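Only the coordinates and a few stated rules stand behind these numbers; no lab work does. This structure is a prediction, so every number in the text was calculated from the model and none was measured. Don't worry about glycine lacking a Cβ; one is built from the backbone with ideal geometry, like all the others, and counts go over all protein chains shown.
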Amino acid sequence: MAGSRAEKLARLVRVQRQIERMAETQLSNTLRDQAVLDASQDALVEAVGSFDPVHAAMSHNYAQRFQRISAKSQQLEGIKSVQERRVLTEKTKADRLTDQAEAAAGNEERAAADEALLDLLESSLKRG
């Protein structure tokens, strides 16, 4: 598996950024689900508070549904916090790999420049 350290690190950076994007996508899906649940809770609260006789007859069903939605909302809140930490972790990993890749590329450039200078010096000494 040929390749310089900088190339390998650059490839790892691309993979890590993809993992970061996947974690962000999961978080956005969770946030979207949370928004849907919040809207459902708001609709249920409005229905329970309504003076419409149809809603009054269904108040028990609304209360049960509200409890289920509240439980699901709490679950999503926990999932969201885990996913937020994961996004932060993956971003930190990617940033560190980026720094390492940049440092490796700089080291390789310096080594190449040093080698070129040594070759130039050798060729000038051989002519002289």
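Worth a mention:
- Both radii are taken from the alpha-carbon atoms of the range 12-74; with Rh as the Kirkwood radius, Rg/Rh is 1.32.
- Positive minus negative residues near Leu121 (Lys, Arg vs Asp, Glu; Cβ under 13 Å): -2
- Residue (of Gln75, Thr89, Leu120) at the positive-pole extreme of the range 56-121, dipole from beta-carbon charges: Gln75
- Whole-Å semi-axes of the chain's equivalent ellipsoid (Cα gyration tensor): 64, 10, 8
- Straightening the chain between Met22 and Asn107 buys 27.5 nm, computed as 0.36 nm per residue apart minus the Cα-Cα spacing.
- Computed magnitude of the charge dipole of the chain (debye, nearest 20; Cβ of K, R +1, Cβ of D, E -1): 380 debye
- Helix 59-127 axis, angle to the chain major axis (alpha carbon atoms, nearest 10°): 10 degrees
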